[in-house]
Amino acid sequence: MFEQLSARLEKALKYIRGEGKLTEKNMAETLRMIRLALLEADVNYKVVKDLIERIRARSLNQEVLDSLTPAQQVIKIVRDELTAVLGREAVPLRFSGHPPTIFMLVGLQGSGKTTSCGKLAKWCLSLHKNPLLISFDLKRPAAQDQLKMIAGQLGLSFYGLNREQTTLPQTALKDVLLEARNRGHDLIIVDTAGRLHVDEELMAELRLVKDILQPTEIIYVGDAMTGQDAVRSAQAFEEKIGLTAVILTKLDGDARGGAALSIVSVTEKPIKFIGTGEKFDKLEIFHPDRMASRILGMGDILSLIEKAERETDVKEAEEMARRLRREEFTLDDFRKQLRQLRKMGSLSGLLKHLPSGGVFKNLSAVDMDDRKILHFEAMINSMTPREREDPRMIDGRRRLRIARGSGRPVFEVNQLLKQFGEMRRMMRKSQFKKIISTIPRSR
Ligand SMILES: Nc1nc2c(ncn2[C@@H]2O[C@H](COP(=O)(O)OP(=O)(O)O)[C@@H](O)[C@H]2O)c(=O)[nH]1
Ligand SMILES: [Mg+2]
């Protein structure tokens, strides 16, 4: 279902996914492509207009998760807005507090009303309801037979109207209610007549059924494959009779998606179920979010967004490492500290009075004395700036060169590098903790 729309949306979004940054220009192009994709899927033009406007506004505001790249944010926005257009959340069937509950199914001929009566009854069996099927298709005797057959297949109760009853619908409706109560049914599912087009006679008939039965749910059954026709007739049924819910059928076929994406906005009634096949178990609860992900057709967009979050975690860790490196204590810094210490006088005397913590604590930890400070400083002076920045590059040959340049033995160069390495490890640990403590725990 929705393959074409999915493919087109994916293409529109891939276009910005290639871009590292969102600009007015590439956003305009993406929005134009999304708009075209929706229109070609036969989505109501007004619904498209509103949808595009909201996607545009939210994309430019970028008020969503900052853990996603701009392009991923747009994908998330599109998914969110598709979900909203589809009704946001699954809405369960309503059952009356004073049984019997009555579901009345209405819609054009061939939309799947009679089939959906069977599907719904079967569904409600699993909710421990005791449904009774009746048909108020009064003109067509075959309609009674069709529903009776379905009831037989499913082992359900059926109440058939006789000739006399079909000519006196008011009386018949009261008979049905009485019969249902007597037989202990807590649910009546009412099939109705359909026409190829909406007409006044049909509407009058349906209003009569509605007025007498006072159904708990009036469910419009629409054929998703007919696109905007299903939406227009839903609107007519809503205006003339009033609806409480929608079942969209034949979503197993090559429906272009237009009906699903328009009908909730146009009727302001929730899609409660979708039909995905001719068999009676092919009825699914309608979940707007899952449907939006399916329409977006990028496998499951949720997993993409989750993946983006995981990627952001990795990026954050890398950034942290970079920060550590940036803030890392280099031999240059070490030399600065040594010079400061030298200016302050005797190190051994000083250390006793210094506050614990920071670089001074680390100095005491690596056992310094005044002469050593001078020697260390001399050796660091003999290093190139790059060596001071990254002591890992100081190999045997460089050590020899530094030793000669500073007039110190090679083992002292080794000692300097070893002690410096220890100091840095200690500082890194405390800095790491400091940085860790600044990272928010959860997003
Ligand atoms: N593929 C598919 N066919 C369906 C679905 N629902 C109904 N049909 C078929 O659509 C045709 C018309 O269904 P029916 O229930 O008689 O429509 P009604 O005139 O509204 O009562 C039948 O052939 C059904 O088998 C569905 O969800 N998927
Ligand atoms: Mg029928």
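None of the figures in this text is laboratory data; all of them are computed from the coordinates on show. Note that the structure is predicted; figures quoted are calculated from it, not measured. A quick note on method: Cβ atoms are made from the backbone with ideal geometry, for glycine too, and the neighbour counts reach across all protein chains shown.
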With +1 on each Lys and Arg Cβ and -1 on each Asp and Glu Cβ, how big is the dipole of the range 101-286 about its Cα centre, in debye rounded to the nearest 20? 320
Computed Rg/Rh for the range 3-88 (Cα atoms; Rh = Kirkwood radius) stands at 0.93
For the range 211-286, what is the per residue volume of the convex hull drawn over the alpha-carbon atoms, in cubic angstrom? 88
Whole number please: convex hull volume per residue, Cα atoms of the range 98-193, in Å³. 94
Which residues' amide hydrogens lie under 5 Å from the amide hydrogen of Q109, considering only partners 5 or more residues apart or on another chain, with H built in the peptide plane? R195, L196
Neighbour net charge for R386 - beta-carbon separation under 12 angstrom, K R +1, D E -1: -1
Return the long-range amide H neighbours of I102 (sequence gap of 5 or more, or a different chain), with a cut-off of under 5 Å between placed amide H atoms. S96, I188, T216, E217
How long are the three semi-axes of the equivalent ellipsoid for the range 101-286, computed from the Cα gyration tensor as the root of 5 times each eigenvalue, in whole Å, largest first? 25, 19, 14
Could the peptides 133-146, 394-407 be put in order, highest first, of the mean number of other beta-carbon atoms found within 10 Å of their residues? 133-146, 394-407
Mind checking the log10 I(q)/I(0) for the range 177-253 at q = 0.12, 0.19 Å⁻¹? Debye, one equal scatterer per Cα, no solvent, two decimals. -0.39, -0.87
What ranking of V264, V190, V410 emerges when the number of other C-beta atoms within 10 Å of each C-beta is taken as an exposure proxy, fewest first? V410, V264, V190
Around H287, which amide H atoms from residues at least 5 apart in sequence, or from another chain, sit under 5 Å from its own amide H, with H modelled in the peptide plane? none
When each of K210/K269; K46/K240; K14/K119 is checked by Cα-Cα distance, pairs over 28 Å: K14/K119
Hey, got a sec? Which trypsin sites (Lys or Arg not before Pro) in the range 18-111 land in a DSSP loop and have at most 11 other Cβ atoms within 10 Å? K21
Cα-derived Rg to Rh of the range 1-145, Kirkwood definition: 1.16
Ratio for the range 1-50, C-alpha Rg to 2.2 N^0.38 Å, reads 1.17
Which order results if I285, I241 are arranged by neighbouring Cβ count within 10 Å, fewest first? I285, I241
